[in-house]
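Structure first, then comments.
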Amino acid sequence: MEDFMKNMQKYEQLAITELDAYLFGQGTHYEIYNKMGAHVGVKDGKEGVYFAVWAPAAREVYVIGEFNNWNAYGYDMKKISDGGIYDLFIPGAKAGDMYKYLIISQSGEALYKADPYANQAQLRPETASIVADLSGYEWKDSEWVEKKKTENHLKAPLSIYECHLGSWKKKDDGTEDGFYTYRELAPELAKYVSDMGYTHIELMGIAEYPYDGSWGYQVTGYYAPTARYGTPKDFMYFVDYMHEKGIGVILDWVPAHFPKDAHGLANFDGSCVYEYADPRKGEHPDWGTKVFDYSKNEVSNFLIANGMFWVDKFHIDGLRVDAVASMLYLDYGRTEGNWVPNKYGDNGNLEAISFLKHFNSMLKKRFPQAITIAEESTAWPMVSGDPDNGECLGFTFKWNMGWMHDFLEYMKLDPYFRKFNHSKMTFSLMYAYSENFILVLSHDEVVHLKCSMLGKMPGDREDKFKNLKLAYAYMCGHPGKKLLFMGQEFGQWNEWSEKRALDWYLLEDESHTELKDFTKKCLKLNKNYPCLYATDYSSEGFRWINANDKDNSVLSFMRISPDGKKNLLFVLNFTPVERDSFRIGVPFKTKYKLVLGDNEADQKKTLTAVKGDCDGYPQSLLIDLHKYGIAVYEFNGDVSKVHATKI
């Protein structure tokens, strides 16, 4: 009886009011997901489901499903607002029932549509929505959430394991997909990620999508965790478990575009509801997808509330926003004459810019524990920063695509040619503090004939492993948070494919195990040394020893701790030439302790600086550098008080 009364009160809360409709029309109903969609409740003493949908150009709207044998007759929805919201309460409908909206367009066309706000969907290739009750899960992560609310995200360690759940591992059980469920994946993935030293995982393709080959970047169910791996509450368990083990969860989020699938958002009520009507703005020619019409408050509200929904209902720690550049530029991927300038005659999408500012500002206010990350591939200014600064888009972080491109181009080179391309490894420090950057080696870099990370490296098999360790050591020391795609930590040879599991058998080989262990050491440094995270976005946290030694292809620099303790000195040799007693200048005549090396058993554990001017300092170290040598030393001292006479 108590549950019955609660459900009865719940219906009164579910029913859309004039205020709800008004706020939705203004684009400021940040919890519209509690109203739109399908929600279990009680009306007039009868248990059932309340349905609500926005279809402003529809002539008629019906709810069809298991509860009425997919029969529209007598299940017509009532239009309750001038803005085009329809609702209907269906007694006897319940959680777990499949349903769709039958929308009759102004021309009389019958459209069978999945619910844009549905919290659960059928597994592809089926396309119906499923009534889901998200209440009742008992979260255990309150301490985690409260801690994150007060955390300074910019000064905290952040190393991300980018992961595709469907291909991280697969079952050998004879099923077509071989998917593990969210609940099955959680313990093993959490243990692996935690043991490696990552602080977060970033999940590809969680919002429901019809085509596996899109990897989740062409979404049809923005409010539904994909059924590939289980139910919404299974996904809650997954996130909760990760938090219990100290791992944050970031989702890839796609507010840039959506596919044309008949059951999805495209042509939703027979008109361009969610997309721009003009195809020069409303379609991406490169991807064959539709572009959201950010000028409509209701569309903006749909997306802004969606981002908040994942944080609110599923306790997500952050959103990595996909394809931001395609949102910002009206001419993105379009040829001359096939795009529409803004009112100033420029190529900036003013509506998308406003949307992103609005979203970042409100998310930070409502959920300060959550971060946002922009995948933005151009030099658009002020992508990251304070969202209340009117000129800033307001993301917490931005992917550093420029660094990634230069870094990979350099690492792929035959070592002989590296001295002619030395600036590719140093140029990024010219702009390292213009944004809050994350250094990324993502899935995009190991597909479509780009080779895996190990496959990109030059030389024979031994050289490839040495080069990749060297690459990861440089990435570890470079300012900025870190992201690495799954499988690259142990040297996957094959390019990634969503169709198969990672090649875990490679860890039976000593070279792959050593690479994994080395990556783990880099990640542990990133967590244990404040100089590698607390000063990522301050120039005071980095100083070159020698950025100009192109003839030897050696880079030497310091990462500097705020309190002068546990600074790190990096010396990296990007050639196969051994350099005995290689001299570099250092700021203090003190001891330097080896904390990371390419062959630590054959490297001196402690070095003491000796007199002798070098690199602008009055003392120096003599280091034996192996081929592709890595030498990272810990030392103490207030570097801010010591200035080299030259850099």
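The values are calculated or read from the model by the stated rules, or taken from the named source; none is laboratory data. Because the structure is a prediction, the values reported are computed rather than measured. For neighbour counting, all protein chains shown are included, and Cβ atoms are generated from backbone atoms with ideal geometry for every residue, glycine included.
Answer with yes or no whether His257 is surrounded by fewer than 19 Cβ atoms within 10 Å (Cβ to Cβ), in contact with a His (Cβ under 6 Å, 6 or more places away or on another chain) and within 29 Å of Cys392 (Cβ to Cβ). Outline the logic, then answer.
Numbers: surrounded by fewer than 19 Cβ atoms within 10 Å (Cβ to Cβ): no; in contact with a His (Cβ under 6 Å, 6 or more places away or on another chain): yes; within 29 Å of Cys392 (Cβ to Cβ): yes.
Taking the combined requirement at face value, the residue does not satisfy it.
Can you tell me how many residues in the stretch 442-480 are touching a residue at least 40 places away in the same chain (Cβ under 8 Å), touching a Lys or Arg at 6+ places or on another chain (Cβ under 9 Å) and of a type in the set (Lys, Arg)?
So the count comes out to 3.
All but one of (1) buried (at least 20 other Cβ atoms within 10 Å of the Cβ); (2) in a helix (DSSP H, G or I) hold for Arg320, so report the exception by its number.
All conditions pass for Arg320, except number (2).
Tell me yes or no: at least one residue of the stretch 168-177 is surrounded by 14 or more Cβ atoms within 10 Å (Cβ to Cβ) and under 21 Å from the mean Cα position of the chain (by Cα).
Within the stretch 168-177 (the criterion being surrounded by 14 or more Cβ atoms within 10 Å (Cβ to Cβ) and under 21 Å from the mean Cα position of the chain (by Cα)), the answer is yes, since at least one residue qualifies.
Looking at the stretch 181-199 only, could you name the residues that are crowded, with 22+ Cβ neighbours inside 10 Å and not hydrophobic (A, V, I, L, M, F, W, C)?
Those that are crowded, with 22+ Cβ neighbours inside 10 Å and not hydrophobic (A, V, I, L, M, F, W, C): Tyr182, Tyr198, Thr199.
Got a number for residues in the stretch 8-57 being of a type in the set (Val, Ile, Thr), in contact with a strand residue (DSSP E or B) (Cβ under 6 Å, 6 or more places away or on another chain) and surrounded by fewer than 23 Cβ atoms within 10 Å (Cβ to Cβ)?
Step one: list which residues in the stretch 8-57 are of a type in the set (Val, Ile, Thr), which gives 16-17, 28, 32, 40, 42, 49, 53.
Narrowing further to those that are in contact with a strand residue (DSSP E or B) (Cβ under 6 Å, 6 or more places away or on another chain): 16, 40, 49, 53.
Pick out the ones that are also surrounded by fewer than 23 Cβ atoms within 10 Å (Cβ to Cβ) and you get 16, 40.
Going through the stretch 8-57 one residue at a time, the tally reaches 2.
Could you run through the stretch 514-544 and say how many residues are assigned to a helix (DSSP H, G or I) and under 27 Å from the mean Cα position of the chain (by Cα)? Walk me through how you get there before you give the answer.
Start the filter on the stretch 514-544 by keeping residues that are assigned to a helix (DSSP H, G or I), which leaves 514-528, 530-532, 539-541.
Narrowing the set further to residues that are under 27 Å from the mean Cα position of the chain (by Cα) leaves 515-528, 530-532, 539, 541.
The number of residues fulfilling the criteria is 19.
Among what's in the stretch 329-384 and is crowded, with 20+ Cβ neighbours inside 10 Å and of a type in the set (Val, Ile, Thr), pick the residue that is nearest to Gly288 (Cα to Cα).
That would be Ile373.
Of the residues Gly337, Gly333, which single one is part of a loop (DSSP other than H, G, I, E, B) and either outside the structural domain of Asp322 (by TED's automatic domain parsing) or free of Cβ contacts under 8 Å to residues at least 40 places away in the same chain (or both)? Step through it out loud before you land on a result.
On the way: Gly333 fails: either outside the structural domain of Asp322 (by TED's automatic domain parsing) or free of Cβ contacts under 8 Å to residues at least 40 places away in the same chain (or both).
Step by step, each of Gly337, Gly333 is checked, and only Gly337 is part of a loop (DSSP other than H, G, I, E, B) and either outside the structural domain of Asp322 (by TED's automatic domain parsing) or free of Cβ contacts under 8 Å to residues at least 40 places away in the same chain (or both).
From the list Gly197, Gly205, pick out the single residue that is farther than 20 Å from His315 by Cα and either within 17 Å of the chain's Cα centre (by Cα) or assigned by TED's automatic domain parsing to the domain that holds Thr175 (or both). Reasoning before the result, please.
Numbers: Gly205 fails: farther than 20 Å from His315 by Cα.
Unique residue meeting the criteria: Gly197.
What number of residues in the stretch 572-590 are more than 19 Å from His643 (Cα to Cα) and part of a strand (DSSP E or B)?
The first filter runs over the stretch 572-590 and keeps only residues more than 19 Å from His643 (Cα to Cα), leaving 572-582.
Adding the requirement that they be part of a strand (DSSP E or B) leaves 572-573, 579-582.
Result for the stretch 572-590: 6.
Which count do you get for residues in the stretch 494-513 that are in contact with a Phe, Trp or Tyr (Cβ under 9 Å, 6 or more places away or on another chain) and either assigned to a helix (DSSP H, G or I) or of a type in the set (Ser, Thr, Tyr) (or both)? Explain how you work it out, then say what you get.
Initially, the stretch 494-513 is screened for residues in contact with a Phe, Trp or Tyr (Cβ under 9 Å, 6 or more places away or on another chain), giving 496, 498, 501-504, 506-507, 511-513.
Keeping just the survivors that are either assigned to a helix (DSSP H, G or I) or of a type in the set (Ser, Thr, Tyr) (or both) gives 504, 506-507, 511-513.
Final tally of qualifying residues: 6.
Scanning the stretch 545-571 for residues that are part of a strand (DSSP E or B) and not aliphatic (A, V, I, L, M), which turns out farthest from Ala471 (Cα to Cα)? Let's see the steps before the verdict.
Taking the stretch 545-571 first, the residues part of a strand (DSSP E or B) are 545-546, 554-559, 567-571.
So of that shortlist, the ones also not aliphatic (A, V, I, L, M) come out as 546, 556-557, 559, 567, 570.
Details: Asn546: 18, Ser556: 14, Phe557: 15, Arg559: 17, Asn567: 21, Phe570: 12 Å.
Selected residue: Asn567.
Of all residues in the stretch 452-465, how many are part of a helix (DSSP H, G or I) and surrounded by fewer than 23 Cβ atoms within 10 Å (Cβ to Cβ)? Before the answer, list the steps.
Of all residues in the stretch 452-465, those part of a helix (DSSP H, G or I) come to 453-456, 461-465.
Right, trim to surrounded by fewer than 23 Cβ atoms within 10 Å (Cβ to Cβ) and you get 455-456, 461-465.
Residues that pass the stated criteria total 7.
Looking only at residues in the stretch 73-86 that are out of contact with any Lys or Arg (no Cβ under 6 Å at 6 or more places or on another chain) and buried (at least 16 other Cβ atoms within 10 Å of the Cβ), which one is nearest to Glu31 (Cα to Cα)?
Our first condition is that a residue be out of contact with any Lys or Arg (no Cβ under 6 Å at 6 or more places or on another chain); within the stretch 73-86, this holds for 73-85.
Imposing the further condition that a residue be buried (at least 16 other Cβ atoms within 10 Å of the Cβ) reduces the set to 75, 77, 79-81, 84-85.
On the way: Tyr75: 26, Met77: 22, Lys79: 21, Ile80: 19, Ser81: 18, Gly84: 18, Ile85: 16 Å.
Looking at residues that are out of contact with any Lys or Arg (no Cβ under 6 Å at 6 or more places or on another chain) and buried (at least 16 other Cβ atoms within 10 Å of the Cβ), I get Ile85.
I'd like the residue in the stretch 591-637 that is of a type in the set (S, T, N, Q) and assigned to a strand (DSSP E or B) and, out of all such residues, is surrounded by the most Cβ atoms within 10 Å (Cβ to Cβ).
As a first pass, look at the stretch 591-637 and keep what is of a type in the set (S, T, N, Q): 599, 603, 606, 608, 619-620, 636.
Restricting the remaining residues to those that are assigned to a strand (DSSP E or B) gives 606, 608, 619-620.
Values: Thr606: 10, Thr608: 12, Gln619: 17, Ser620: 19.
Taking the candidates together, the pick is Ser620.
With over 30 Å from Phe420 (Cβ atoms) and buried (at least 22 other Cβ atoms within 10 Å of the Cβ) as the only criterion, which of Asn567, Asn573 stands out?
Only one candidate qualifies: Asn567.
Answer yes or no: is there a residue in the stretch 348-358 that is of a type in the set (Ser, Thr, Tyr), part of a helix (DSSP H, G or I), at pLDDT 95 or above and out of contact with any helix residue (DSSP H, G or I) (no Cβ under 9 Å at 6 or more places or on another chain).
Of the stretch 348-358, the ones of a type in the set (Ser, Thr, Tyr) are 354.
Then keep just the ones that are part of a helix (DSSP H, G or I); that gives 354.
Then keep just the ones that are at pLDDT 95 or above; that gives 354.
So of that shortlist, the ones also out of contact with any helix residue (DSSP H, G or I) (no Cβ under 9 Å at 6 or more places or on another chain) come out as none.
No, there is no match, as no residue in the stretch 348-358 is of a type in the set (Ser, Thr, Tyr), part of a helix (DSSP H, G or I), at pLDDT 95 or above and out of contact with any helix residue (DSSP H, G or I) (no Cβ under 9 Å at 6 or more places or on another chain).
What is the one condition in (1) in contact with an Asp or Glu (Cβ under 7 Å, 6 or more places away or on another chain); (2) within 28 Å of Tyr537 (Cβ to Cβ); (3) not polar (S, T, N, Q); (4) not in a helix (DSSP H, G or I) that Phe427 does not satisfy?
Evaluating Phe427 over (1) in contact with an Asp or Glu (Cβ under 7 Å, 6 or more places away or on another chain); (2) within 28 Å of Tyr537 (Cβ to Cβ); (3) not polar (S, T, N, Q); (4) not in a helix (DSSP H, G or I) leaves (4) as the failure.
Please indicate, with yes or no, whether at least one residue in the stretch 64-80 is among the β-branched types (Val, Ile, Thr) and under 19 Å from Val42 (Cα atoms).
Applying the first criterion (among the β-branched types (Val, Ile, Thr)) to the stretch 64-80 yields 64, 80.
In the following step, the residues that additionally are under 19 Å from Val42 (Cα atoms) were identified as none.
Within the stretch 64-80, not a single residue is among the β-branched types (Val, Ile, Thr) and under 19 Å from Val42 (Cα atoms).
Conditions tested, residue by residue: (1) of a type outside the set (Ser, Thr, Tyr); (2) in contact (Cβ under 8 Å) with a residue 60 or more places away in the chain; (3) under 13 Å from Gly92 (Cα atoms).
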position	(1), (2), (3)
Asn34	yes, no, no
Gly37	yes, yes, no
Val40	yes, yes, yes
Glu47	yes, no, yes
Trp54	yes, yes, no
Tyr62	no, no, no
Gly65	yes, yes, yes
Trp70	yes, no, no
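Results for (1) touching a strand residue (DSSP E or B) at 6+ places or on another chain (Cβ under 9 Å); (2) crowded, with 16+ Cβ neighbours inside 10 Å; (3) within 16 Å of Phe574 (Cα to Cα), shown as yes or no for each residue.
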| position | (1), (2), (3) |
| --- | --- |
| Phe397 | yes, yes, no |
| Arg418 | no, yes, yes |
| Phe437 | yes, yes, no |
| Lys450 | no, no, no |
| Ala473 | yes, yes, yes |
